[in-house]
Amino acid sequence: MKHSEGFLKLVNQAKSRIREITVDETQQRRTENQAAKLIDVREDNEWSAAHAAGAIHLGKGVIERDIEVKVPDKATELILYCGGGYRSALAVDALQRMGYTNVFSMAGGWKAWRESGGEIESSPEADLPF
């Protein structure tokens, strides 16, 4: 997907303030810390088609509104991913401004997860023909 200049500038500014980790680091951190949360910030239709095993869904459009209810402890380790690592970087930046202190963006996002052979779950409704 080709992104606009303004969007890329915004993402690059966010990336200068956040921490990114690889898929391998994500899997290692989740193994070492069972309380770590993997959060998919993609759109509902993307999540429904398939997502990383064990992830929870808080779309980028609602994460700031809903995160404090879903994860009230702001020290909880959170690893966010999207399709390619752009939206998750923006969401991590916002969560840090909200006081979350242990939050990361997974570099390469869903694309990198799939390419690495990461375990995938799909929603049963994704298999329906309509």
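Could you please find all residues in the stretch 31-55 being more than 14 Å from Gly83 (Cβ to Cβ), open to solvent by 60 Å² or more (accessible area, probe 1.4 Å), outside any loop (DSSP other than H, G, I, E, B) and not hydroxyl-bearing (Ser, Thr, Tyr)?
Glu32, Lys37
Name the residues in the stretch 2-19 that are outside any helix (DSSP H, G or I) and surrounded by fewer than 16 Cβ atoms within 10 Å (Cβ to Cβ), would you? Explain how you work it out, then say what you get.
If we filter the stretch 2-19 for residues that are outside any helix (DSSP H, G or I), which is where we start, we get 2-4, 16-19.
Across the stretch 2-19, the qualifying residues are Lys2, His3, Ser4, Ser16, Arg17, Arg19.
Quick check, is Ser105 within 22 Å of Val23 (Cβ to Cβ), modelled with pLDDT of 95 or more and more than 12 Å from the chain's Cα centre (by Cα)?
Working: within 22 Å of Val23 (Cβ to Cβ): yes; modelled with pLDDT of 95 or more: yes; more than 12 Å from the chain's Cα centre (by Cα): no.
No: the conditions fail for Ser105.
With basic (Lys, Arg) and touching a residue at least 24 places away in the same chain (Cβ under 8 Å) as the only criterion, which of Lys74, Lys2 stands out? First the steps, then the outcome.
On the way: Lys2 fails: touching a residue at least 24 places away in the same chain (Cβ under 8 Å).
Checking each option against the conditions leaves just Lys74.
Quick one: in the stretch 57-73, which of the residues that are surrounded by fewer than 16 Cβ atoms within 10 Å (Cβ to Cβ) and not acidic (Asp, Glu) is nearest to Gly109 (Cα to Cα)?
Keep residues of the stretch 57-73 that are surrounded by fewer than 16 Cβ atoms within 10 Å (Cβ to Cβ), which gives 61-62, 64-66, 68-70, 72-73.
Okay, now just the ones that are also not acidic (Asp, Glu), so 61-62, 65, 69-70, 72.
On the way: Gly61: 17, Val62: 18, Arg65: 22, Val69: 24, Lys70: 21, Pro72: 24 Å.
Taking the candidates together, the pick is Gly61.
Take Glu5 and decide whether it is over 14 Å from Trp110 (Cα atoms) and of a type outside the set (Val, Ile, Thr). Spell out the reasoning first.
Details: over 14 Å from Trp110 (Cα atoms): yes; of a type outside the set (Val, Ile, Thr): yes.
Yes; evaluated as a whole, the condition is true for this residue.
The values are calculated or read from the model by the stated rules, or taken from the named source; none is laboratory data. Predicted model, so just to flag it, every value in this text is computed and none were measured. When we count neighbours, we look across all protein chains shown, and the Cβ atoms used for this are built from the backbone with ideal geometry, even at glycine. Ligands, DNA and RNA are stripped out before the accessible areas are found, and what is left, the full protein with its side chains, is counted by its heavy atoms. Shrake-Rupley method; radii C 1.70, N 1.55, O 1.52, S 1.80 Å.
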